[in-house]
1. I'd like to check something: does region 90-110 contain any residue that is surrounded by fewer than 19 Cβ atoms within 10 Å (Cβ to Cβ), over 23 Å from ARG296 (Cβ atoms) and modelled with pLDDT of 95 or more?
2. Quick one: GLY248 ticks every box in (1) in a strand (DSSP E or B); (2) over 19 Å from GLU200 (Cα atoms) except a single one, so which number is it?
3. Listed residues PRO159, PRO240, PRO236; which is in contact with an Asp or Glu (Cβ under 6 Å, 6 or more places away or on another chain), under 27 Å from TRP282 (Cα atoms) and at pLDDT 95 or above?
4. Please verify whether ASP265 is farther than 16 Å from HIS185 by Cβ, touching a Pro at 6+ places or on another chain (Cβ under 7 Å), buried (at least 20 other Cβ atoms within 10 Å of the Cβ) and in contact (Cβ under 8 Å) with a residue 12 or more places away in the chain, treating the condition exactly as stated.
5. Go through the residues of region 275-288 one by one and say whether even a single one is surrounded by 15 or more Cβ atoms within 10 Å (Cβ to Cβ), under 30 Å from PRO41 (Cβ atoms), at pLDDT 95 or above and touching a strand residue (DSSP E or B) at 6+ places or on another chain (Cβ under 8 Å).
6. Got at least one residue in region 58-78 being surrounded by 13 or more Cβ atoms within 10 Å (Cβ to Cβ) and under 15 Å from ARG294 (Cβ atoms)?
7. Consider region 31-43. How many of its residues are of a type in the set (Phe, Trp, Tyr) and in a loop (DSSP other than H, G, I, E, B)?
8. Mind telling me which of the residues ASP234, ASP220, ASP265 ends up being under 25 Å from ASP144 (Cβ atoms) and assigned to a loop (DSSP other than H, G, I, E, B)?
Amino acid sequence: MASNPSDPANRGKYADRLDPELWDYIDKVNSWYPPEIVAAPIPKQRTVYNRMCAAFHQGRPEGVTSSDGIVATAAHPIPIRRYRMVGKPAAAVVVYYHGGGFVLGDLDSHDDICAEICAGTGFEVVSADYRLAPEHLHPASFEDALAMFEWVAATSTLPLLLCGESAGGNLATAVAQATRRHPRHALGQMLIYPGLGGDESGRSYIEHAEAPLLTLVDIDFYRRVRSAPGQSLDDPTFSPLRDGDFSGLPPTIIVTAECDPLSSDGESYRDRILAAGGQARWREEPRLVHSFLRARPTVPRAAEAFGRIVADIGALGRGEWPY
């Protein structure tokens, strides 16, 4: 998660492109999780990242309860956390996959985000603590994400939505593609600045190769660290944009940040779904960067973008197409 230095003199083309309050957020992230941390051992990276997540945690809205559990699989148990609203029956269940480059993150790192989605929609939210690289290389995280979907589909009668952020957006997309003909296939999916294995000669990859909080160097690092020997980039469970079939997918909303090298992936995925006759909407939030969800308490643009995301999840869960 390398970034431009905090010194305003070194902010380059982003100096005036990003709002001052967003720069305050970027500086705070870098103070907790500095760009050079990517050279540290993975356990050290996780310790530092978890401290940062705890520092940004906003608590949970009133009325949201949670319970931790285990999903048993043939290979290993998957820890999960379920969020519900007290005294309010849920109309849908959101399966949420956290971000962190397939290397970082757990049930606590995105706890407040899941709780706010629950409060904002009234839906049940189930978060999965999938296996991380490099201890567990691809397809471990995908297998856990798929097992999580299958468990929710088997144990709940509610309409099911897929939601993922960054690396979790990759997992949600891969699961949607793998389960499109499942009897309990997802009613919709919300993808938040996902990395989908797109063409790195694309617009945003070039224009924002050195964007704050995520660069092409970072993307390459996370891709390599999760790759098994001989990993094919054409594997759609690794790079969902490399799939040869985009038909039969659930209504899909992709939200990206303007100043993020991954933004073109969202645009490309929308185009593939539309070309295959499906429903898809891509929204590029202006003057924001990768990881902006964590900026929602202090950055008005991020708060407004998150509000739109929650509203769209609510619409999808009610079987509505909001566009």
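The values are calculated or read from the model by the stated rules, or taken from the named source; none is laboratory data. Note that the structure is predicted; figures quoted are calculated from it, not measured. As a convention, Cβ positions derive from the backbone with ideal geometry for all residues, glycine included, and neighbour counts pool all protein chains shown.
1. Among the residues of region 90-110, at least one is surrounded by fewer than 19 Cβ atoms within 10 Å (Cβ to Cβ), over 23 Å from ARG296 (Cβ atoms) and modelled with pLDDT of 95 or more, which makes the answer yes.
2. The one condition GLY248 does not meet is (1).
3. Residue meeting the stated conditions: PRO236.
4. The answer is yes for ASP265.
5. No; the residues of region 275-288 include none that is surrounded by 15 or more Cβ atoms within 10 Å (Cβ to Cβ), under 30 Å from PRO41 (Cβ atoms), at pLDDT 95 or above and touching a strand residue (DSSP E or B) at 6+ places or on another chain (Cβ under 8 Å).
6. yes
7. 1
8. Exactly one of ASP234, ASP220, ASP265 is under 25 Å from ASP144 (Cβ atoms) and assigned to a loop (DSSP other than H, G, I, E, B), namely ASP234.
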